[in-house]
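Peer 1: Please read through the structure below; I'll follow up with questions.
The values are calculated or read from the model by the stated rules, or taken from the named source; none is laboratory data. Quick caveat, the model's predicted, so the values are computed rather than measured. Please note: Cβ atoms are built from the backbone with ideal geometry, for glycine as well, and neighbour counts cover all protein chains shown. Ligands, DNA and RNA are stripped out before the accessible areas are found, and what is left, the full protein with its side chains, is counted by its heavy atoms. Shrake-Rupley method; radii C 1.70, N 1.55, O 1.52, S 1.80 Å.
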Amino acid sequence: MRHLLSTEDLSLANAVGILDTAEEMSAVGEREVKKLPALRGRTVVNLFFEDSTRTRISFEAAAKRLSADVINFAAKGSSVSKGESLKDTAQTLSAMGADAVVIRHWASGAPHRLAATDWIDAAVINAGDGTHEHPTQALLDAFTMRRHWARLSGTASEGADLKGMRVVIAGDVLHSRVARSNVWLLRTLGADVTLVAPPTLLPIGVEKWPCRVSYNLDDTLAQGADAVMMLRVQGERMNASFFPTTREYSRRWGFGDTRLQALDNLGMKDTIIMHPGPMNRGLEICAAAADSPRSTVLAQVRNGVSVRMAALYLLLSGDTRTQAAPALAYAGTHSPKENN
Ligand code: NCD
């Protein structure tokens, strides 16, 4: 693996390899000194053309825990706002010796463009491109689900896939790169996925995706779910009115108090509620659900650092688990904490 651009082309072996490495990385996060020397002397550039809080901070924390030097580059306040092209920006970063570029861009395909040209000779990680993909988000979601699934079945996470797990992804699928990356990765890991959204918030061609599609959240939940992932309503990408009112949206497609209660009534005591953040509390998810013991929102954020450490580590210090092994010995022998 030279770049991490999408989950669509990620093999099962690579996906499980990243998740397993992330388990080892999470053991580092449990230690008093949360640092490994693995990427000492390497430079990771966070190149963000779109707003971000948790993804950027998460990549920064991940790179620092691996002892890499981190340069944060936000398009606002840089020469990009003076009209500098992606090519010039990339060549500048290259001249500064970047070994990895973590890029978030409003244009779908920008990271692929960067990886396919000779503008820069660095590993490229897609941190979200337009409405296209967000592979590390899907990997951290899968990591969180895998721990939950392993705990339910009393088995170890390491080496496991998600065969048989029922995942519902609900909300603004149309604008969501998180939904796309999740659908591809969950298919590879063997989970059974149902998308739920109003017809106006489903992309054209969704019937060809490897999942089921429904317009009715209550019916879908009644059929059973092990994880329910709520997607943010992405107002900033909407150039039209996709639903009548926010009240109507919450009532039909949001995860509100009634649906939280319904999980209990249906005897679904082990169903987790996920959200990639940032949340619109009161729109796609109610506060009671976001803060309930079922919620994995903060576990997802925590797991994101481990998954991004794994991605940076595997891209920058070798591409096989065998090559990875010596430096990972620093991770010690702690077993991962028994939580999501
Ligand atoms: C997601 C994104 O940026 O695509 N957030 C994230 O990375 N944590 C989802 C979103 O913005 O709704």
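Peer 1: Only four residue types carry charge here, +1 at the Cβ of Lys and Arg and -1 at the Cβ of Asp and Glu. Report the dipole size of the chain about the Cα centre in Debye, rounded to the nearest 20.
Peer 2: It comes to approximately 380 debye.
Peer 1: So if I average 1/r over every pair of distinct C-alpha atoms in segment 1-85 and take the inverse, what Kirkwood radius in Å does that give?
Peer 2: Result for segment 1-85, one decimal place: 15.0 Å.
Peer 1: Size of segment 1-157 along its principal axes in angstrom, Cα-based, largest extent first?
Peer 2: Computed over the Cα atoms, the extents are 55, 34, 26 Å.
Peer 1: Calculate the spin-label point distance for Thr53 paired with Met1, positioning each point 7 Å from the Cα along the beta-carbon direction, and give it in nanometres.
Peer 2: If labels sit at Met1 and Thr53, their model points lie 2.8 nm apart.
Peer 1: Calculate the translational D of segment 121-180 in whole µm² s⁻¹ from Stokes-Einstein, where the hydrodynamic radius comes from the Kirkwood formula applied to all Cα pairs, the temperature is 20 °C and the viscosity 1.002 mPa s.
Peer 2: Using the Kirkwood radius from Cα pairs, D works out to 162 µm²/s.
Peer 1: While we're on this one: Any chance you could get the radius of gyration and Dmax over the Cα atoms of segment 135-297, in Å?
Peer 2: Both quantities, over Cα of segment 135-297: 14.8, 47 Å.
Peer 1: Pick out which of Gly254, Gly205, Gly130 has the largest mean-square fluctuation in a Gaussian network model of the chain, springs linking Cα atoms closer than 10 Å.
Peer 2: Taking springs between Cα atoms under 10 Å, the residue moving most is Gly205.
Peer 1: Another question, if that's okay. Please state the charge dipole magnitude for segment 135-297, taken about the Cα centre, from unit charges on C-beta atoms (+1 on K and R, -1 on D and E), reported in debye and rounded to the nearest 20.
Peer 2: So the magnitude is around 200 debye.
Peer 1: How much accessible area per residue does segment 135-297 have, counting only protein heavy atoms and a probe of 1.4 Å, in square angstrom?
Peer 2: 41
Peer 1: On the accessible surface of segment 1-151, probed at 1.4 Å, how many percent belong to carbon and sulfur atoms?
Peer 2: After summing per-atom areas, the C and S share lands at 48 percent.
Peer 1: For the chain, modelled as a GNM with alpha-carbon contacts under 10 angstrom, which of Ser58, Ser181, Ser78 fluctuates the most?
Peer 2: Greatest mean-square fluctuation among the candidates belongs to Ser78.
Peer 1: Along the charge dipole of the chain, Cβ charges K/R +1 and D/E -1, which of Ile57, Pro203, Ile125 sits furthest on the positive end?
Peer 2: Final value for the positive-end residue is Ile57.
Peer 1: On the accessible surface of segment 180-238, probed at 1.4 Å, how many percent belong to carbon and sulfur atoms?
Peer 2: 50
Peer 1: Please find the FRET efficiency linking Asp218 to Ala288, where r is the Cβ-Cβ separation and R0 is fixed at 22 Å, and quote it to the nearest 0.05.
Peer 2: It comes out at approximately 0.80.
Peer 1: Turning to a different aspect of this structure: Need one number: nm distance between label points at Asp121 and Ser108, each 7 Å from Cα along Cα→Cβ, rounded to one decimal.
Peer 2: Output for this residue pair reads 3.4 nm.
Peer 1: Same structure again: Within segment 212-227, whose backbone N sits under 17 Å from a point 7 Å along Cα→Cβ of Glu248?
Peer 2: 215-217
Peer 1: How much length would be gained if the chain were fully extended between Arg281 and Asp264, taking 0.36 nm per residue of separation minus their Cα-Cα distance, in nm to one decimal?
Peer 2: Extra length from Arg281 to Asp264 when fully extended: 4.0 nm.
Peer 1: Need one number: nm distance between label points at Asn72 and Glu158, each 7 Å from Cα along Cα→Cβ, rounded to one decimal.
Peer 2: My value for the distance between the label points is 3.4 nm.
Peer 1: Could you tell me the center-to-center distance, by alpha carbons, between segment 212-273 and segment 36-61 in angstrom?
Peer 2: With segment 212-273 and segment 36-61 each reduced to a Cα centre, they are spaced 32 Å.
Peer 1: Something else: Quick one: what Rg and Dmax do you get for the chain from the alpha carbons, in Å?
Peer 2: For the chain, the Cα-based Rg and Dmax read 19.7, 60 Å.
Peer 1: Now for a different question. Please give me the summed charge of the neighbours of Gly190: other residues whose Cβ is under 14 Å from its Cβ, Lys and Arg +1, Asp and Glu -1.
Peer 2: +1
Peer 1: Can you give the charge dipole size of segment 190-263 about its Cα centre, rounded to the nearest 20 debye, using +1 on the beta carbon of Lys and Arg and -1 on the beta carbon of Asp and Glu?
Peer 2: The dipole of segment 190-263 has a size of about 220 debye.
Peer 1: In the chain, what is the count of Lys pairs whose alpha carbons are under 19 Å apart, counting only pairs at least 8 residues apart or on separate chains?
Peer 2: Eligible lysine pairs with Cα atoms under 19 Å apart amount to 5.
Peer 1: Only Cα pairs under 8 Å and at least 6 apart count here; give the relative contact order of segment 133-237 as a rounded whole percent.
Peer 2: Over segment 133-237, the number comes to 32 percent.
Peer 1: I need to check one value: relative contact order of the chain, counting alpha carbon pairs closer than 8 Å and at least 6 residues apart, in percent.
Peer 2: 23
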